[in-house]
Structures are given as C-alpha cells and as structure tokens.
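Reading through the structure tokens given below for one structure.
The values are calculated or read from the model by the stated rules, or taken from the named source; none is laboratory data. Note that this is a predicted model, so its numbers are computed, not measured. Glycine gets a Cβ as well: all are built from the backbone with ideal geometry, and neighbour counts include every protein chain shown.
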Amino acid sequence: MRIPPRRPEDWRTLLADPSTQWRVGYSAYELAHAWQAADAFPPPVSAALATAPFGALELIFALPEHKVRMPGRGGDSATDLFVLARGTDGDLVTLAVEGKVGESFDKPVGEWLADPRGDRANRQDRLAGLAELLGLEVVRLNDTSYQLLHRTAAALLEADRLNGAHAVLLVHSFSAKRAHLDEYRAFAHLLGASGEPDTVEPAGVRHGVELHVCWVADRARAQAHQGEPEPVLREALDWLRDTYREHRFFKERDVEAALQRRMTELFEERRSDWRVYENHRVPGKQLDLAVVDRGRPSEVALGIELKYEPDHTRGGADMRGDTAKFPVCLTEEIARDAEQVERCVREGLIDVGYALVLDEAGYWRTRRSPPRGECHVWGTDTERRMAPALFVSRMSASPG
C-alpha cells in the first residue's frame, strides 16, 4: 500500500536521511521535481524511451524509493524510482530509475567485497547471485560499480515478478558535465551495449526478460531563489496556502510550527546557515518566529508575528474545550503586533518584520476595519464557507 505524493517534497519523507539527502542539486531532489512535474515521463526521458523497441510507453504507476529484495542475505536494493509501464504491443515494461547529479555509482565490487564492516562470505554469495541473474562472470566484475549491478537486477527481478517482458536500467542524470558516464559505459559494455546517452539499448535476454540500458541527460531544476530569508518565507507561505486543507490547526502555535518546519526544510535544501527559532527574544519583544544566521544568532534578519483566527464553526470541544470563545484574536492585539514589529525594525533590532493574520473562514475579511496589510485570499469562497485569507504587513527600513 502506497500513498501517492501530491508534490515533490512528499518524496522527502521516504529517504533514509532527509536532512542530508534532500538538497538542491542532489539526485533525490532533482528526480522528484522532474518526475512530479511531468504528466507521465519527463520530456528527456520520454524522448529517450521513444528509441526503444517496445514503442511508446503508457505509465501505469511509479513508486519512489521502491525496495527490491536481492539474492542472498542483506539489505534490499532501494531503487530511486520504480516504474511499471505498458508498451504499444501490450507488453509490460519495468524501469529501475537511478537518479544522478554529481554522485558516483558507489563502490566498485572489489572495494565492496573488501569492506571489513561486511560479511565477506555473504557478499560473495550475493555477488554470485547477481552475476548469474545478469549473465556476467564474477571474475570480470571487480571494477564494476556494485550499485549498477543491483539496480539492474532490481529491474529484472520485478519484471519476473510482475510478468514483464522488458526490463530497463535507466540512469536519469542531471549533471551538466555528465559525471560518471564512463562508469555507466563500462558497465553497458559488459552487457553488450555501447553506453550511448539518450538511447535505449538492448542488452540481451535474461531469464526470459529482454534487458535494456539507458542513460538520460537532463538539466537540474532552475531555482527561484538561493535561500535568502524573505524568499524562503514567501515560498513557505505559498506551500501553506496550497496544503492548507491537509492540516488541522487548533491554535496559533500549530500554524507557527508548520511554517517553521517548512522554512527549515527550505533552508536545509540549500545548505544554508539560516535558522528559524520560535519565541525569540529581542529587547522589549518576544518574536513568534525569527530567522537568524547560525554564526550571528544575536542578529535577526527576519522577525515574524502571527495571529490565527480559526473557523468559528469549529466550536466547542473540537476548538477550545467545552466552551468556544470567539473571536480568538482581538483587534487591539492584532494592531499591537504590527506596532511592535514596526518598532523593532525602526530601532534596528530586526532587518525586516512581518505581521501576519491568518483568517481561516473570513471573520476578519468581513469586518468594517480589517487588519492592516495586503489581503491574500487562499481559494474560492462558497455559500457554506469563506476561503482562508492571509493579511500581510511588511516592515523594513528600506523598500523591497
């Protein structure tokens, strides 16, 4: 049972170590954005697959971080993306997609066998099983990447399990320099292929399945920003808007935590030194959220105050205990937030300040005197409920 991802960052949770593996310019990040943005296959992949003998493919399903059990004892092969597709003649095709940017294909077999942390006897058994499956001689594999062996095996094993007629090892590279293409080519030569990029090449029949290999050259995703505090806040707010109905907020801190978490992820993606702290003290004020440089924690680049007015129809025990007292936010409290943020900017305590009011169901939008700032409506109003809206007040010593 797999839950389908709605957007690229949903792939992040499937990684073994998201905080280090999910980075701009890393294969997991680039692969997720390329495939999630496509209707079926990303255009460069589709163009390469058009050269295959099985004809144009219909994508049936694709599973990020799909694990396939390998011969012998030990861990499974965690395929970056596993795809099941159907060719024009009705044959099923399995694709084990390996994303690459600058990363190598891991250790060559010789180093993998010699690693003292592993069970050499078991690794030899596994290598023998992989070699038999791929129709290769063990003695010729010493300099071959172990990752290429088990990723190709994954495509074949799943083709056998799902009654596929064709299996494809597809390397989806986002390296402008085509890093490690030589390693791929050396492996393709072992299988009887040339290793020519952007072409699906036949590599013989293995256990009744026609094997193919393909290297697809693609480009890394263009970035809208480099991880500066304000663009990160804006992107995080866009994410909150797009995912709003997937959350269930009960109080202001719930909204703050969601925003803090998403901003932190965006900074981590860009290997940034910016950090997001909650309840951060500056003279005369405790900020709901503050963005600071880890190397200069006393200097606040971005200060955020947030107020949250929940939907008043969510009363009683679901919202605030046995009694529901609305509105949750008071006019004077909202005004005081903006005034205090403005003071902090004026006194040089923070570089840029934001006073935000998240109005879940239109209460503040219908007031004669709504909160100050631009009003951004997050959706479409209906007869039953008004869409969420965000009032944004930005304060800065310089325009921007």
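For Ala121, the conditions (1) farther than 20 Å from Asp198 by Cα; (2) out of contact with any Phe, Trp or Tyr (no Cβ under 8 Å at 6 or more places or on another chain); (3) at pLDDT 95 or above; (4) among the hydrophobic types (A, V, I, L, M, F, W, C) all hold with the exception of (3).
Conditions (1) under 25 Å from the mean Cα position of the chain (by Cα); (2) assigned to a loop (DSSP other than H, G, I, E, B); (3) surrounded by fewer than 24 Cβ atoms within 10 Å (Cβ to Cβ); (4) not assigned by TED's automatic domain parsing to the domain that holds Ala52, marked per residue:
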site: Asp160; (1), (2), (3), (4): no, no, yes, no
site: Ala167; (1), (2), (3), (4): no, no, no, no
site: Ala179; (1), (2), (3), (4): yes, yes, yes, no
site: Asp182; (1), (2), (3), (4): no, no, yes, no
site: Ala188; (1), (2), (3), (4): no, no, yes, no
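If you go through the range 378-394 and keep only what is assigned to a loop (DSSP other than H, G, I, E, B) and either touching a strand residue (DSSP E or B) at 6+ places or on another chain (Cβ under 7 Å) or within 16 Å of Leu259 (Cβ to Cβ) (or both), you end up with Trp378, Ala387, Pro388.
Residue-wise test of (1) at pLDDT below 95; (2) farther than 27 Å from Glu196 by Cβ; (3) assigned to a helix (DSSP H, G or I).
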{"site": "Ala34", "(1), (2), (3)": "no, no, yes"}
{"site": "Thr51", "(1), (2), (3)": "yes, no, no"}
{"site": "Phe54", "(1), (2), (3)": "yes, no, no"}
{"site": "Thr94", "(1), (2), (3)": "no, no, no"}
{"site": "Ser104", "(1), (2), (3)": "yes, no, no"}
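The condition (being crowded, with 22+ Cβ neighbours inside 10 Å and of a type outside the set (A, V, I, L, M, F, W, C)) is satisfied by just one residue among Pro8, Pro64, Pro71, Pro108: Pro64. Scanning the range 261-271 finds one or more residues that are over 28 Å from Val97 (Cβ atoms), of a type outside the set (Ser, Thr, Tyr), at pLDDT 95 or above and loosely packed, with under 15 Cβ neighbours inside 10 Å. All of Thr20, Thr79, Thr51 fail the test of being on the phi < 0 side of the Ramachandran plot, among the hydroxyl-bearing types (Ser, Thr, Tyr) and free of Cβ contacts under 8 Å to residues at least 24 places away in the same chain, apart from Thr20. Residue pairs whose Cβ atoms lie under 9 Å apart, sitting 6 or more positions apart in sequence or on different chains, and linking a residue in the range 375-400 that is farther than 16 Å from Tyr244 by Cβ to a partner that is surrounded by fewer than 18 Cβ atoms within 10 Å (Cβ to Cβ) and acidic (Asp, Glu), are Ser393/Glu342; Ser393/Glu374; Arg394/Glu230; Arg394/Glu374; Met395/Glu342; Gly400/Glu230. Within the range 195-209, the set of residues being in contact (Cβ under 8 Å) with a residue 60 or more places away in the chain and either of a type in the set (D, E, K, R) or not in a loop (DSSP other than H, G, I, E, B) (or both) comprises Asp198, Pro202, Gly204, Arg206.
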